[in-house]
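Structure, as structure tokens:
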Amino acid sequence: MSVPRFWRKQIARYNLVGTHCKQCGEYFYPPRNMCPSCRREGEIEDFKFSGQGEVVTYTVIHAAAEGFEGQTPYVLAIVQLEEGPRLTTQIVGDAKDMSIGMKVSPVFRKLGQSGDRGMIYYGTKFVPA
Amino acid sequence: MREVAIIGVKNTIFGEQWDRSFRDLVVEAGVGAVKDAGITGEKIDSMFVGNMSGGQFVEQEHIGALIADYSGLAKNLHIPSTRVEAACASGGLALRQGIYSVASGMDDIVIAAGVEKMTDVPSAKASSALAAAADREWEGIMGATFPGLYAMIARMHMHKYGTTSEQLASAAVKNHQNGQFNPIAQYKNKITIESVLNSIMVADPLHIFDCSPITDGASAVILAPADIAHEYTDTPIYVKGTGQASDTLALHDRRDITTLDASVVAGKRAYEMARMGPEDIDLVEVHDCFTIAEICAIEDLGFAKKGEGGKVTFDGETAIGGRIPVNTSGGLKACGHPVGATGVKQAIEIVEQLRGEAGKRQVDGAEIGMTHNVGGSGATAVVHIFSRNR
Ligand SMILES: [Zn+2]
């Protein structure tokens, strides 16, 4: 991913900052600028999530995505935050300890790197709480 | 709105075709369909071509013009040609756009085609191109792969409904069983449940034999108004229903991880247009990019109760000769999955079945068939219903 494209969402990725619709009360992470329920009636503001959540579903990836070859096997999961929204993330830890419904907390981690000498991407992964 | 019929069809061979180019494939399919319909190029009013990622697979965009050019429809005839993209549903959507254009009365004879040339790049690059159908910024960046996303659907389905790896594997086994009788299929070998379970793990619980392959291929159909279809062929196949639906791009935003709401809604729209229900369908081609996708599809389209798709498949109800034959072509798994072509290939399988030309994979007495084509992990779904009777 290009540097500006990553940089633009840096705060959201580093600090789990998403958005919140003041009109209907729904929370969004990844952030959305348009509330899908209220659409143009919605009132969107930034919101920092606590990061506490639980595993909705997960997989152990053995055939890596491009740029993740050195990390296999790694656990990819959908986590539901306590405020409601769901996100795709990695769970740091042993694959055999994972289970659906497991409580997790956020950690700041390296996600990847753009080529051999490119920018390092950081973001939020999760660990068993 | 006018009724629409398919009057000509052609698939290339599906597989790894290192000696043939993107344009070779699509020209073969297009010319073959034109010959099958018994028309000439001058008759064609417009073309719609499904292609997911010419840019990443062959570093070529402007696919519509390229295809018109190499089909001999550009320089002298200047026939309009439009590329349609909806990831792996590009072919189904190109067909739907073709149907729209004939139904509207704007065009009479239309080519709807699909093409993908995936083996000109290493398979890692192909996987990465396919991953662009997911949300690059919020799924891809975390290391999500396509098998990984469907594996998360499979894990949830197993957790919620008790679906087993054996039941998932049985979809692949059945599709290879069918594929051996399809002359264009990439794989014509039989496999067993044991061989699926013993194949390498790609994204737990999906093994490599749970996954559709990387494939080169092209498919094309010729559409005409139903009123004049008999001027071209004795066996026109009529489009009775078409439905399309969108859902969230990312899997994590879906209402229910184990249901593709886009499939449910596209199916409902097609059923309503055809004034039919699942009980009227004699056979269906569903989008089995992974075994779990076939299980979800037969549930979402009403051929099995939610949660029972695995059991129904394992019990043989979806085999040829079963209650509702699914993927008689071999599906994406055995026939192959050139992503832009798949949706059109599915329609051709139904046409061949309804014409009674499917050879050893013929479903006896097939009158009405359905196709189901999905983009990404379920953000786009396209469903069509075809009948041999008007
Ligand atoms: Zn709102």
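The residues of the stretch A:1-34 that are outside any loop (DSSP other than H, G, I, E, B), within 13 Å of chain B (Cβ to nearest Cβ) and of a type in the set (A, V, I, L, M, F, W, C), listed by number, are A:6, A:7, A:12, A:28.
Within the stretch B:337-387, the residues that satisfy the criterion of being in contact with a strand residue (DSSP E or B) (Cβ under 6 Å, 6 or more places away or on another chain) and either open to solvent by 10 Å² or more (accessible area, probe 1.4 Å) or within 22 Å of residue B:191 (Cβ to Cβ) (or both) are B:338, B:345, B:346, B:349, B:363, B:368, B:380. A search for C-beta distances below 8 Å between a residue of the stretch B:339-350 that is closer than 11 Å to residue B:113 by Cβ and any residue that is of a type in the set (D, E, K, R) and part of a helix (DSSP H, G or I), counting only pairs 6+ apart in sequence or on different chains, returns nothing. Only residues that are open to solvent by less than 50 Å² (accessible area, probe 1.4 Å) and more than 8 Å from the ligand (Cβ to nearest atom) were counted in the stretch A:11-39, giving 11.
Filtering the stretch B:1-27 to residues that are touching a residue at least 12 places away in the same chain (Cβ under 8 Å), open to solvent by 60 Å² or more (accessible area, probe 1.4 Å) and part of a helix (DSSP H, G or I) leaves only B:23.
Take residue B:320 and decide whether it is in a helix (DSSP H, G or I) and either small (Gly, Ala, Ser) or under 26 Å from residue B:215 (Cβ atoms) (or both). Spelling it out, it is not the case that residue B:320 is in a helix (DSSP H, G or I) and either small (Gly, Ala, Ser) or under 26 Å from residue B:215 (Cβ atoms) (or both). Being within 11 Å of chain B (Cβ to nearest Cβ), surrounded by fewer than 19 Cβ atoms within 10 Å (Cβ to Cβ) and hydrophobic (A, V, I, L, M, F, W, C) holds for only one residue in A:100, A:78, A:91, and it is A:100.
Among the residues of the stretch A:40-58, those that are open to solvent by 70 Å² or more (accessible area, probe 1.4 Å) and either part of a loop (DSSP other than H, G, I, E, B) or near the ligand (Cβ under 8 Å from one of its atoms) (or both) comprise A:40, A:41, A:43, A:52. Here residue A:83 meets the list (1) in contact (Cβ under 8 Å) with a residue 40 or more places away in the chain; (2) open to solvent by less than 30 Å² (accessible area, probe 1.4 Å); (3) more than 10 Å from the ligand (Cβ to nearest atom) almost entirely, failing just condition (2). Looking across A:40, A:109, one residue alone is basic (Lys, Arg) and over 16 Å from the mean Cα position of the chain (by Cα). It is A:40. Filtered by the rule that a residue be touching a residue at least 40 places away in the same chain (Cβ under 8 Å), in a helix (DSSP H, G or I), in contact with a Ser or Thr (Cβ under 9 Å, 6 or more places away or on another chain) and over 30 Å from residue B:123 (Cβ atoms), the stretch B:37-80 gives a lone residue, B:37.
The values are calculated or read from the model by the stated rules, or taken from the named source; none is laboratory data. As the structure is a prediction and not an experimental result, all values here were calculated from the model. Neighbour counts run over all protein chains shown; Cβ positions are idealised from the backbone, glycine included. When the accessible area is computed, the model is the full protein with side chains, heavy atoms only, and any ligands, DNA or RNA have been set aside. Shrake-Rupley method; radii C 1.70, N 1.55, O 1.52, S 1.80 Å.
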